[in-house]
Amino acid sequence: MAALAVVRDLREHWAPASAEELERFETDVLSGFVLARASAGLADGTIRGDVGHLDQIRSCFGRPLWDMEPADADVYFGKVLRGSPSGTRLACAQALTTYFLFLELRHKVEIHRMTGRVVECPIDELNRPRGAKDAQLRIPPSEPRSGRCSRAGVASWRPAGSSPRPPGTTPPRS
């Protein structure tokens, strides 16, 4: 027969983190996010853009991002970024979603222990900016077709002797 043991709640023994500890932890988490994105092979410019969006949200929100809730994202995307181009809103939402994925995968338990909050992305089906930002790939022509390209080569992908303008739109020569 198995013996029963007394189970204690460990949360009672952990003191909440101080403001300084949370600030240092927030900086460490953002540094870890940058390193994780770099190790995934993202370009420095992409990482810089993501961090810029996160910094902008953090400045507007005034608290660590893991404290954000869907209502906070509604305010940010619905008021602060309301007049911004859709590409900016999409990039910002993607940066925030990726950051929260990082938090959930790597720091969920630690954040819960330090703050009592369960990390959950504030971008949901209701407030996700609409649109798609799919990369448009330009595929080079096949080998038989590339022989018909002009001397400019694959850079223009235009048949030799053709004009980049539609017929009848060439400006008059002076």
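The values are calculated or read from the model by the stated rules, or taken from the named source; none is laboratory data. If you're wondering where the values come from, they're calculated on a predicted model, not measured in any experiment. Don't worry about glycine lacking a Cβ; one is built from the backbone with ideal geometry, like all the others, and counts go over all protein chains shown. For accessibility, only protein heavy atoms count, side chains too; no ligands or nucleic acids. Shrake-Rupley method; radii C 1.70, N 1.55, O 1.52, S 1.80 Å.
Key figures
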item: S84 being over 18 Å from R130 (Cβ atoms) and small (G, A, S); result: no
item: Positions within the stretch 98-127 being open to solvent by less than 40 Å² (accessible area, probe 1.4 Å), in a helix (DSSP H, G or I) and of a type outside the set (A, V, I, L, M, F, W, C), in sequence order; result: T98, Y99
item: Listing of helices (runs of 4 or more DSSP H) fully contained in the stretch 19-85 that carry 3 or more residues being in contact with a Pro (Cβ under 9 Å, 6 or more places away or on another chain); result: 19-39, 70-75
item: Residue in the stretch 14-24 that is within 29 Å of G87 (Cβ to Cβ), of a type in the set (D, E, K, R), out of contact with any Lys or Arg (no Cβ under 6 Å at 6 or more places or on another chain) and modelled with pLDDT of 95 or more present; result: no
item: Criterion (of a type in the set (D, E), in contact with a helix residue (DSSP H, G or I) (Cβ under 7 Å, 6 or more places away or on another chain) and within 16 Å of I123 (Cβ to Cβ)) met by exactly one of D50, D67, D74; result: D50
item: Members of the stretch 35-56 found to be among the β-branched types (V, I, T) and open to solvent by less than 50 Å² (accessible area, probe 1.4 Å), listed by number; result: I47, V51
